[in-house]
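Note sheet for the following structure.
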Amino acid sequence: MSTTTPLIHFSTHEKFTTRLVLATLSGKSIKISNIRSDALNPGLEDYEISFLRLLESVTNGSIIEISYTGTSLIYRPGLITGGSFSHNCPSSRSVSYFIIPMLMLAPFSKKKFSIVFRGLTSNKNEVGLDFIKWGFIPLMDKFGIRDVELHTLKRGSYPNAGGEVHLIVNSLIPQPITVHMLEIPNISSVRGIAWCTRVSPSVVNRLVDSARSVLRVTGCEVNITTDVWRGENSGKSPGFGLTLFTESKKSPLRYILDDVAENGETPEDLAEALSYSFLELIENSGCVPRSQLEMAFIFMVIGKEDIGRLIVNRDQIDSGLVKLMRDIKSLFNTEFYFQEDDEYDNALIATCKGIGFTNASKKIA
Amino acid sequence: LQNLNIKKTWNINKLIYMNNIDPKDAIARWKQEEESDEENITPSSDEGESGEEENDEEFFTKKEDKMIEETNDKSKLTLSFLKEKWAPGSKSLDYLKKRFFLSAKQRIQME
């Protein structure tokens, strides 16, 4: 990769992983400056450094230059090569921080991805493993990326972690397929997973009972399974959490939400708050929940040179999504267009023309 | 730009790509949360120019780094508000129920 290619400038550490993923997919070099330049601990955090190491491992020919203070970074992407290896994640962030960006790179790799992540498998304010399994992977399926597996070998709760997860992406495709998701699906049932590590198994039953009592008002079937981890496979810290998601007969996509307990939080409090937030999420979502919208937008952009359409709720358009769309424009020079939807209340149709991205290691017929 | 007197409905398609408007402001303008008479276009944080207007005190006061919340849908609404909103018989719940597919048996049970 030539070092004379012009750099595209970004500022602050916001959307750090997404910007690096977009740069890798677009093949354009970026410079990120002002990384916590006014913070007590300026510069890159340990998890960001760890992510850069991971990015270096899954690509060939990438050049990463970090300034002496760590407050600016130049990234010149190479080719996505994938491969089999393991990655130790710092306990400051959960493994999902590393897995989700890999899901966006893996389908366009030269070789299959088989990565074992070691670290924290659940963290407050971050999505968990069940969220990825039941939320992100079905979304990838909608874009034609199949054969993605995430195996939980060990669960590792906050703070001491000890979890182990195996990500396998066998599907290598030239480009995502164009989607037209113009129907908000009806929900046939609510499902969930209540899990715990190194605590009494009765905790998961309390989570299930409490969530059921809230969700009963919908009149819908509620099926929550329990997942109790014991012994060596349960990591180094006690913890518990709950993931709730919808099932629909017509669409593989799910509305999904999860949470983990923090110090002193009872299972009843956690399940009750999550269940109400879950109803709120269903009300305020288009085809997919907000957390999956960024992945959907990125796959829409790198799709075929055709118009993709996706229904979003007005409330889902926030500053984070605006930042993403600006970043997409900087790197791919393509724009999203929103228009009113007549069929559903509070809904907009997001349209975007794919850039006709081609996987460097695949030939398109 | 500073004395723009904007009295119109903002178009989201234009606001998204106006780099001179901070994304948060763009959303606020779109949702008409701001007083349109007193609007001033503030430079985006990505522009890197906001630092020039800081006074000395602010410059030397180091700020604690905030953890950025990413990809999480957890509502910031209070539990009491949510309980009230989703109470049996509430409008929100009745409206949401239309999106749930119920079997004949479930319908009878609900009735």
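The values are calculated or read from the model by the stated rules, or taken from the named source; none is laboratory data. Since we're looking at a predicted model, the values are computed, not measured. Methodologically, a virtual Cβ is constructed for each residue, glycine included, from the backbone with ideal geometry; neighbour enumeration extends over all protein chains shown. Remember, those area values only see protein heavy atoms, side chains included, never the ligands or the DNA or RNA. Shrake-Rupley method; radii C 1.70, N 1.55, O 1.52, S 1.80 Å.
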- [ ] Answer with yes or no whether A:Arg314 is over 19 Å from the mean Cα position of the chain (by Cα), of a type in the set (D, E, K, R) and at pLDDT 95 or above.
- [x] no
TODO: Could you check the stretch A:252-357 for helices (runs of 4 or more DSSP H) lying wholly inside it with 1 or more residues that are in the same structural domain as A:Pro238 (by TED's automatic domain parsing) and crowded, with 24+ Cβ neighbours inside 10 Å?
DONE: A:267-283
Task: Residues located in the stretch A:243-271, provided they are farther than 21 Å from A:Ser202 by Cβ and either without any contact (Cβ under 8 Å) to a residue 12 or more places away in the chain or β-branched (Val, Ile, Thr) (or both) - done: A:Thr246, A:Ile256
TODO: Give the residue, chosen from A:Asn123, A:Asn160, that is within 14 Å of another protein chain (Cβ to nearest Cβ) and either out of contact with any helix residue (DSSP H, G or I) (no Cβ under 7 Å at 6 or more places or on another chain) or free of Cβ contacts under 8 Å to residues at least 40 places away in the same chain (or both).
DONE: A:Asn123
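Condition check ((1) part of a loop (DSSP other than H, G, I, E, B); (2) closer than 30 Å to A:Asn313 by Cβ) across all residues:
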{"position": "A:Asp141", "(1), (2)": "no, yes"}
{"position": "A:Leu150", "(1), (2)": "no, yes"}
{"position": "A:Leu153", "(1), (2)": "no, no"}
{"position": "A:Ser157", "(1), (2)": "yes, no"}
{"position": "A:Ala161", "(1), (2)": "yes, no"}
{"position": "A:Val165", "(1), (2)": "no, no"}
{"position": "A:Pro176", "(1), (2)": "yes, yes"}
{"position": "A:Pro185", "(1), (2)": "yes, yes"}
Open item on the list: For A:Val169, only one of the following conditions fails: (1) open to solvent by less than 10 Å² (accessible area, probe 1.4 Å); (2) modelled with pLDDT under 95. What is its number?
Closed with: (2)
TODO: For the stretch A:196-210, indicate whether the set of residues that are part of a strand (DSSP E or B), among the hydrophobic types (A, V, I, L, M, F, W, C), at pLDDT 95 or above and surrounded by 23 or more Cβ atoms within 10 Å (Cβ to Cβ) is non-empty.
DONE: yes
